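Contents: one structure, followed by commentary.
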Amino acid sequence: METLDLPRLRRDFPILAERVNGHPLVYLDSAATSQKPEVVIDAISTYYRSANANVHRGVHALGELATEVYEGARQSVADFINADPRGVVFVRNTTEGLNLVAQAYARPRLGPSDRIVATVMEHHANLVPWQQVRDQTGCRLEFISITDQGRLDEDSIGRLLQAPTRLLAITHVSNVLGTINPVRELVERAHREGIVVCVDGAQAVPHMTVDLAELGADFYAFSGHKMCGPTGIGVLYGRPELLEEMPPFLTGGSMISVVTLERTTWNEIPHKFEAGTPDIAGAAGLRAAVGYLAKTGLDLIRSHDQELTDYAAEALSEVPGLRQYGPPANERLGIISFNLDGIHPHDVGTILDREGVAVRAGHHCCQPLMRSLGVAATTRASFYLYNDKDEVDALVRGLGEVNRIFRA
Ligand SMILES: Cc1ncc(COP(=O)(O)O)c(C=O)c1O
């Protein structure tokens, strides 16, 4: 079976050669943000060195070059997710993409007789915008619960995926549990009931092939920085027919067609949703990132991340007092949340950091999920294409150290 050439691949990521607190860096926090390969760093600096100008305006050569860089990035992203480029809106991140859907799609359409459905496992980015819409429109907001194993509860799906629900907001992969939700099946079920589906793809797009033509989601948001790209650029895919009907989210320059002192007409999609000067350098970096992921191979990345998750879940199950959350490891993607009995996750994270191991500790922007798990916080290790089994072993050794200190 073909696998990733890890020693070679790790050399693509300059930061992995750094030492932290006297130890080689073991970066197990890619769910928060991934590291960047040299090609992405180079694409950003090449853009600034040789193509920097504003887009869609200049009649001069550099302006045309910058526009090519920016629109070329849109086409590359569209190819990467198998979507119509007219549906690919560049935003700052997943959070902004979801707010765009909430304010420009849901808010003008919903009223007191309607319902939005989300799930208990949502990141605050796919929860708070819907609370806002509820408060603005008077619609209801209800939640699909989860089972003890961290899967969506079938009874509550059946009860909520019907009238008066108008919109389902759901994460593709949970950033705490790693659960991969059956988005394609849920989209089919929702569409049979005339329900529009908005997917938070922040943790899915980095790790697996996401084919929007196949998934059929109406809206799908993700962030460049979690998939080897730069911070400051993300994507909202929207079905072009829906984007056409929607009012703009932000207004001003670039998103207009004709402006008089009295009124304004809008530019074509997707430009209608890109007010002001966009993150052109970010688009250049994101294009390099999707090129890098595609060249490496999403299937290989997925099976690598899965293998590490399985290996880590097994190794962590041997650590005394450790409890993992979520479904069986083979249903999780690149993420393991756990607690050590009686030891606060922040203490776990701090001692691991002393050993050079970077993990995240806290509520992971999922406070309702923490409540449903009956904990205030967890420690989360997350893996990506550049991690190897030695790093998982370093995590396990670090946890041995935590136990030694706290249980001495
Ligand atoms: C599932 C999920 N949704 C949304 C977000 C928000 O991403 P961003 O901060 O890039 O907007 C994250 C980030 O951690 C996430 O994991």
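FYI, it's all coordinate maths here, none of it is from the lab. Owing to the predicted nature of the structure, the values given are computational and were not obtained by experimental measurement. All Cβ positions, even for glycine, are placed from backbone atoms using ideal geometry, and neighbour counts span all protein chains on display.
List of remarks:
- Among the residues listed as 89, 128, the single one being surrounded by fewer than 19 Cβ atoms within 10 Å (Cβ to Cβ) and either under 17 Å from the mean Cα position of the chain (by Cα) or not hydrophobic (A, V, I, L, M, F, W, C) (or both): 128
- Of all residues in segment 368-396 being of a type in the set (D, E, K, R) and surrounded by 15 or more Cβ atoms within 10 Å (Cβ to Cβ), the one that is nearest to residue 338 (Cα to Cα): 380
- Total residues in segment 220-276 satisfying the condition of being hydroxyl-bearing (Ser, Thr, Tyr), part of a strand (DSSP E or B) and within 23 Å of the chain's Cα centre (by Cα): the figure is 3.
- Number of the exception - residue 99 against (1) over 19 Å from residue 271 (Cβ atoms); (2) within 13 Å of the ligand (Cβ to nearest atom): (1)
- Evaluation of residue 257 against (1) farther than 24 Å from residue 30 by Cβ; (2) touching a residue at least 24 places away in the same chain (Cβ under 8 Å) (one fails), failing number: (2)
- Summed over segment 40-59, residues that are surrounded by fewer than 18 Cβ atoms within 10 Å (Cβ to Cβ) and either touching a helix residue (DSSP H, G or I) at 6+ places or on another chain (Cβ under 7 Å) or not aliphatic (A, V, I, L, M) (or both) total 12.
Conditions (1) free of Cβ contacts under 8 Å to residues at least 24 places away in the same chain; (2) among the polar types (S, T, N, Q); (3) within 19 Å of residue 280 (Cα to Cα), marked per residue:
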position: 30; (1), (2), (3): no, yes, no
position: 61; (1), (2), (3): yes, no, yes
position: 72; (1), (2), (3): no, no, yes
position: 106; (1), (2), (3): no, no, no
position: 113; (1), (2), (3): no, yes, no
position: 129; (1), (2), (3): no, no, no
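- Pairing residues of segment 199-210 that are free of Cβ contacts under 8 Å to residues at least 60 places away in the same chain with residues that are more than 11 Å from the ligand (Cβ to nearest atom) and part of a loop (DSSP other than H, G, I, E, B), at Cβ distances under 8 Å and at least 6 apart in sequence or on separate chains, gives 199/217.
- So residue 171, is it hydroxyl-bearing (Ser, Thr, Tyr) and more than 16 Å from the ligand (Cβ to nearest atom): no
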